[in-house]
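Below is one structure, written out as C-alpha cells; comments come after it.
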Amino acid sequence: MSGTYHITTGPYQECPAVAVAKSGTKLTYQCYVVNAYGNKWTYVHATDTNASGWMSNDNLTRQNGPSTRC
C-alpha cells in the first residue's frame, strides 16, 4: 500500500482507529464485507504492529482484497 491509513474497529469511516498503517506496511487479508453504504471493507492484520481491524478497499493500492466474505 502507499499512503497512511487507519485500521478501524469496524467497516465504517466513523469507527475508531486501532492503528495506523503507513506506506510499506505488510497486511494480510482475512475477509471482506460490504457496509450499508455499499463500500467494500477488508479485515486486515498488520504484521509489523500485530494490529488487526478494518480497512477500506479504496486504500488497498493495486489490490482487490480477499475474495472471501466474512
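Laboratory data are not the source of any read-out in this text; all were calculated from the coordinates shown. Being a predicted model, the structure only gives us computed values, none of them experimental.
Once phi is turned into θ = phi - 60°, what whole-Hz ³J(HN,Hα) does the Karplus curve with 6.51, -1.76 and 1.60 give for every residue of segment 8-21, x standing for Gly and Pro?
Once θ is set to phi - 60°, the couplings for segment 8-21 become 10, 7, x, x, 9, 4, 6, 5, x, 7, 9, 6, 10, 9 Hz.
For log10 I(q)/I(0) by the Debye sum over Cα atoms at q = 0.18, 0.20, 0.23 Å⁻¹, several values are listed as (1) -0.84, -0.90, -0.98; (2) -0.58, -0.72, -0.98; (3) -0.51, -0.64, -0.87; flag the one computed from this structure.
(2)
Using Cα pairs closer than 8 Å and at least 6 residues apart in sequence, work out the relative contact order for the chain, in percent.
This gives 33 percent for the chain.
Residue separation times 0.36 nm, minus the C-alpha to C-alpha distance between THR28 and HIS45: what's the value? Display every interim value, and only then the final one.
On the way: separation 17, 0.36 × 17 = 6.12 nm, distance 0.52 nm.
Result: 5.6 nm gained on full extension.
Using 0.36 nm per residue of separation minus the Cα-Cα distance, give me the extension gain between ASN35 and GLN63 in nm, one decimal. Please report the intermediate quantities before stating the final value.
Numbers: separation 28, 0.36 × 28 = 10.08 nm, distance 1.88 nm.
Between ASN35 and GLN63, full extension yields an extra 8.2 nm.
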